[in-house]
Amino acid sequence: MSKRLASVSAAALLFALSACSAPEQAPVESAGVEEAGAPAELDAHALHFETLTLDTHVDIGPDYGTPSLDPDEHTHAQVDLPKMVEGGLDAAFFIVYVGQGETTPEGYEAARAAAEEKYAGISRMLAAYPDRIALATTADEVEEIAASGRLVALIGMENAYPLGESVEDVPMWAERGVRYASITHFGNNQFGGSSNPNTDAGDPEEDPGLSDLGRELVASLNDHGIVVDVSHVGKTTMLEAIELSRAPVMASHSGARGVYDNARNLDDEQLRAIRDNGGVAQMVAFRRYIGEMPQAVTDGQRALAVELNLHTPEGRAAATPDIIQAYQDGMAALRAEHGDVDIAILADHIDHAVEVAGIEHVGIASDFDGGGGVGGWEDASETPAVTAELVARGYTPEEIEMLWSGNVLRVLRAAEAAAVTD
Ligand SMILES: [Zn+2]
């Protein structure tokens, strides 16, 4: 990669050291993007920029849309507007994420405040750059905005925890543009069980399934045209939500357990349940979920971060471009020596999910700025490499369009049709 000033994914790489969180300009020169194995008649790079690409999971930091993180500049984030343009990433769900805390009045109050902070960041971006990026609240709007030459923002909610002990805020979030909502994150909550229960906090090992309030939530999301997101939930909760939902569901960012055994991934029965429901499973580019990180890379990354004082939020905020470049160079050297979870492994998950659930029920998510990114797809500017890998594996342009956006748009339209209008 070129040495663009601070166009780095250091934030996300460093994220991997802690727990998971949580427009249209000319594309840049494309040398090296096309895979050697691609059929000669298909230009993967050209195909990529002709395809409507939609990433269903992009997190944002608390300073998003402030002077310290202006999304229209090359930033330390994996996703900003220049990187989306450079990488031909047309649309993204930006995420109102709240980590799981206590299910107490104080916990809910703090969660609401955290959700407001995330929503404010997305709103700042949309208000500051209306000619560069616009909010889509329907599948038609996604296509219209993209056709107008602007980038497309959608909003997803990760963890329904901030709704508190009722579903009365669902219409307010729908009005603001939220178009999918996950039931849980890490740790069970008032609505259901997580794929990763917090047993230290008293969660049972076994997924208890949807609570009564969780059943109300699924109905309310359906009523308001919000897709039920089944990433992060336990299997029982997921299967119950699918059974109950009047509209197709989405797993906004998960891998395939048939490829790599991680609790965050979907086993074949879950993939078939999503298929039978008409939904879509978005394979996620999250290193630790989808493959075995070489221990030498994990250890070396930690040592490098400490050496460069990038292991604390303060250190990262103060990092100069030279420091960030040193970090990138160090990581590249570690990977060259030891290997890494890369774009081929992400494609293995896509292949498997397609084999089990069918091409109509699979898509792609980065989880950028929430811990996502794999070797070869480290930030939004490298998105053409994903299409190149799919071309190399023999996917047709029509199939690639389905994986990149067609299937998600179908699910959004079905959710819109299932909504209750008054
Ligand atoms: Zn997540």
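Computed from the coordinates by the stated procedures, all read-outs in this text should not be read as laboratory data. Please read these numbers as outputs of a predicted model, since none were measured by experiment. Backbone-built Cβ (ideal geometry, glycine too); neighbour counts: all protein chains shown.
Descending by average beta-carbon neighbour count within 10 Å, the peptides 222-232, 403-413 line up as 222-232, 403-413, the highest first. About its Cα centre, the dipole of region 295-339 is roughly 120 debye, where the only charges are +1 on Lys and Arg Cβ and -1 on Asp and Glu Cβ. Shape class for region 295-339, computed from the alpha carbon gyration tensor (a ≥ b ≥ c): oblate, with a/c not under 1.5 and a/b at or below b/c.
With the simple model of a label 7 Å out from the Cα in the direction of the Cβ, residue 317 to residue 338 spans 3.0 nm. Taking every alpha-carbon pair under 8 Å whose residues sit at least 6 apart, region 38-172 reaches a relative contact order of 28 percent. Qualifying GluC sites (Glu not before Pro) in region 89-175, where qualification requires a DSSP coil assignment and no more than 16 other C-beta atoms within 10 Å, comprise 102, 165, 168. The residue list 361, 192, 281 was ranked by how far each Cα lies along the charge dipole of the chain toward its positive end, using unit charges on Cβ atoms, and 192 comes out on top.
The protection proxy used here, the mean number of other Cβ atoms lying within 10 Å of each residue, ranks peptides 253-259, 364-370 as follows, highest first: 364-370, 253-259.
Measuring nothing but how far apart in sequence close Cα pairs (under 8 Å, 6+ apart) lie, relative to its length, region 124-230 scores a relative contact order of 22 percent. Cα centroid separation, region 353-367 to region 217-283: 12 Å. For the chain, the mean residue ellipticity at 222 nm estimated from helices alone is -12000 deg cm²/dmol, where every DSSP H run of n ≥ 4 contributes -39500 (n - 2.57) and the total is divided by all residues, rounded to the nearest 500. Relative contact order of region 295-339: 54 percent, from C-alpha pairs under 8 Å at least 6 residues apart in sequence. A protection proxy built from the mean count of other Cβ atoms within 10 Å ranks the segments 199-212, 327-340, most packed first, as 327-340, 199-212. Overall, the chain carries a charge dipole of about 260 debye about its Cα centre when +1 sits on the Cβ of Lys and Arg and -1 on the Cβ of Asp and Glu, all other atoms neutral. Expressed to the nearest 5 percent, the antiparallel share of DSSP beta bridges inside the chain is 10 percent.
According to the square roots a ≥ b ≥ c of the eigenvalues of the Cα gyration tensor, what is the shape class of region 136-286, taking rounded for a/c under 1.5, prolate for a/b larger than b/c otherwise, and oblate for the remainder? Verdict is oblate for region 136-286.
The distance between label points at residue 302 and residue 276 comes to 4.3 nm (points 7 Å beyond Cα on the Cα→Cβ vector). Full extension of the segment from residue 140 to residue 199, taken as 0.36 nm per residue of separation minus the current Cα-Cα distance, would add 16.9 nm. Taking amide H as placed 1.01 Å from N in the peptide plane, the amide H of residue 419 sits under 5 Å from that of 225, each at least 5 places away or on another chain. Which shape class applies to the chain: rounded if a/c is under 1.5, otherwise prolate when a/b exceeds b/c and oblate if not, where a ≥ b ≥ c are the square roots of the Cα gyration tensor eigenvalues? It comes out rounded by the Cα gyration axes.
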